[in-house]
């Protein structure tokens, strides 16, 4: 128990450090914020008129925005992999270890900074969505559930990204590994209903972690029935988080022997 205050202090300091690094790498931050907005505008204005979702939504923007909010989390957390890889490559980890700063505070600092960046980016995406016609009808409880699902996935994906940063040997490779997280929303219900996909793809789309999260966000934001989707989404997020934290611990010890 005596180590807890020191660990929390170290994690707070590492979070501040990661946020300062983000300010110095502002072009990457802006890209992570603007890319989901650009994709949302492309889907709504370029493809929206040709996509039939087979639902009662009066416009495609009402269908696609929840998926873009999740896509935003994937893009935002991907920068964590590059930041962690740069730390491992630059030798700063040895200095931290000489100051008795362990793996968890260092990685937690990166994850916390990623969460802050993601929340800012998500807010910006949501504001643009309101400007182009998205009209949520969520209840107060629905808003809380939306926040819980989004936050759970932002944290979980950030830890996955940290693991990828430890696994990669170069920052460039780390950026390539994180592409998978940015791609995962596409074979889901983010942009089109799953039943419109080829049969061989529907099984994957129905049973991957992104689909229940997006279905939860869509139903909660539009005050539609969601069934067990939020609980399934949170279970996926918890599983991803636990596995990723365990994996980062193993990879960190392996890389710093």
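Descriptive notes on the structure:
Yes/no matrix, rows are residues, columns are (1) assigned to a helix (DSSP H, G or I); (2) modelled with pLDDT of 90 or more:
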{"site": "83", "(1), (2)": "yes, no"}
{"site": "88", "(1), (2)": "yes, no"}
{"site": "100", "(1), (2)": "no, no"}
{"site": "144", "(1), (2)": "yes, yes"}
{"site": "148", "(1), (2)": "yes, yes"}
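- Output for the stretch 26-55, where each listed residue is closer than 28 Å to residue 108 by Cα and either touching a residue at least 24 places away in the same chain (Cβ under 8 Å) or under 17 Å from the mean Cα position of the chain (by Cα) (or both): 28, 29, 30, 31, 32, 33, 34, 35, 36, 37
- The residue list 59, 77 contains one member that is over 20 Å from residue 189 (Cα atoms) and either touching a residue at least 60 places away in the same chain (Cβ under 8 Å) or touching a helix residue (DSSP H, G or I) at 6+ places or on another chain (Cβ under 6 Å) (or both), which is 77.
- Residues in the stretch 126-141 that are under 20 Å from the mean Cα position of the chain (by Cα) and crowded, with 20+ Cβ neighbours inside 10 Å: 129 only.
- Among the residues making up the stretch 183-225, those that are touching a residue at least 60 places away in the same chain (Cβ under 8 Å), within 21 Å of the chain's Cα centre (by Cα) and in a loop (DSSP other than H, G, I, E, B) are 184, 185, 188, 189, 190, 191, 192.
- Pairs linking a residue in the stretch 81-105 that is farther than 18 Å from residue 12 by Cβ to a residue that is at pLDDT below 75 and assigned to a helix (DSSP H, G or I), with Cβ atoms under 8 Å and 6 or more positions apart or on different chains, are 81/177; 82/28.
- In the stretch 161-182, residue nearest to the chain's Cα centre (by Cα) [restricted to those that are surrounded by fewer than 24 Cβ atoms within 10 Å (Cβ to Cβ) and in a loop (DSSP other than H, G, I, E, B)]: 168
- In the stretch 235-244, of all residues being in contact with a helix residue (DSSP H, G or I) (Cβ under 8 Å, 6 or more places away or on another chain) and surrounded by fewer than 19 Cβ atoms within 10 Å (Cβ to Cβ), the one that is farthest from residue 163 (Cα to Cα) corresponds to 238.
The values are calculated or read from the model by the stated rules, or taken from the named source; none is laboratory data. Small disclaimer: the values here were computed from a predicted structure and weren't measured. Cβ atoms come from the backbone with ideal geometry, glycine included; neighbour counts cover every protein chain shown.
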